[in-house]
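The values are calculated or read from the model by the stated rules, or taken from the named source; none is laboratory data. Everything numeric in this text was worked out from a predicted model, so none of it was measured. A quick note on method: Cβ atoms are made from the backbone with ideal geometry, for glycine too, and the neighbour counts reach across all protein chains shown. To get the accessible areas, we keep the full protein, side chains included, count just its heavy atoms, and leave off ligands, DNA and RNA. Shrake-Rupley method; radii C 1.70, N 1.55, O 1.52, S 1.80 Å.
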Amino acid sequence: MTTKFPNFYLIDHPLIKRDVTVLRQAETSPEIFREAVKRISHIIAMEISKDLRTAEFEIETPLEKTTGYKIIDDVVLVPVLRAGLGMVNGFLEIITDAKVGHIGLQRDETTLKPVEYYYKTPKNIDSAKVILVDPMLATGGSANEALNYLKKRGAKNLIFACLVAAPEGIKKLEANHPEVNIFGAALDRELNSKGYILPGLGDAGDRTFGTL
Ligand code: PRP
Ligand code: URA
């Protein structure tokens, strides 16, 4: 579903609405939280993969020859550590031959600026469709930096997938990375003074890994 933000595509689906509710509820355990993240990731991956290109080839059924299809785009999935890891398995169950890179970024709790602590991506990143995944788009600092790193390493065809987005983060990415489409499961109201999304779901990394 299109929104007032030209690059932000909100995935409007009853199962996503149900599972975002599960994520938001403070009493949800890490186990149930991870399962809901995975189910939402399946639906986002289905939506994003609609654009993948296919090539025809001839196959044989037990009865006759016919046309088969294979995906010809290389896909590289790049989770932002740590919370992005929760979305990886759901994506890989849909886009099964995607490769996976990793970017380690952590928000400095006082400046809210992201600091890089790890980077590793596959070599074909320059020719691949690169899907950056991170559940939260808050100030946009982390996603903005991650996109900068990926572009510096040669990535050209980039998409960002998140679960919950704040207007502040979307505006930042639209200003700095206008060619990058953003897919999200929820568009929230605003940030609080500590950079948390409202109503949000709290700290996605802590909720995923039980480090509260
Ligand atoms: C969270 C989240 C994003 C970032 C979003 O990570 O997973 O990476 O905050 O906030 P921003 O848009 O203001 O940059 P965090 O820094 O808490 O690290 P973690 O995943 O290790 O918990
Ligand atoms: N990071 C999170 O994990 N949650 C927020 O609400 C904002 C940034």
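So, L201, is that one at pLDDT 95 or above and either part of a loop (DSSP other than H, G, I, E, B) or near ligand 2 (Cβ under 8 Å from one of its atoms) (or both) or not? Steps first, answer last, please.
Working: at pLDDT 95 or above: yes; either part of a loop (DSSP other than H, G, I, E, B) or near ligand 2 (Cβ under 8 Å from one of its atoms) (or both): yes.
So L201 fits the description; yes.
Matching residues to (1) modelled with pLDDT of 95 or more; (2) under 25 Å from D188 (Cβ atoms); (3) in a loop (DSSP other than H, G, I, E, B); (4) open to solvent by less than 70 Å² (accessible area, probe 1.4 Å):
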| position | (1), (2), (3), (4) |
| --- | --- |
| P6 | yes, yes, yes, no |
| K17 | yes, yes, no, no |
| E27 | yes, yes, yes, no |
| I48 | yes, yes, no, yes |
| P62 | yes, no, yes, no |
| K70 | yes, no, no, no |
| D73 | yes, no, yes, yes |
| P79 | yes, yes, no, yes |
| V88 | yes, yes, no, yes |
ask   = Which condition number does V164 fail, the rest of (1) of a type in the set (A, V, I, L, M); (2) under 24 Å from I16 (Cβ atoms); (3) open to solvent by 30 Å² or more (accessible area, probe 1.4 Å); (4) within 12 Å of ligand 1 (Cβ to nearest atom) being met?
value = (3)
Residues located in region 180-198, provided they are in a loop (DSSP other than H, G, I, E, B), farther than 20 Å from L15 by Cβ and under 16 Å from the mean Cα position of the chain (by Cα) = V180
inquiry  = Within region 181-193, does at least one residue satisfy the condition of being open to solvent by 50 Å² or more (accessible area, probe 1.4 Å), away from ligand 2 (no atom under 12 Å from the Cβ) and closer than 15 Å to P79 by Cα?
reply    = no
key: Scan of region 115-136 for residues that are assigned to a strand (DSSP E or B), open to solvent by 30 Å² or more (accessible area, probe 1.4 Å) and not basic (K, R), ordered by number   = V115, E116, Y117, Y118, Y119, M136
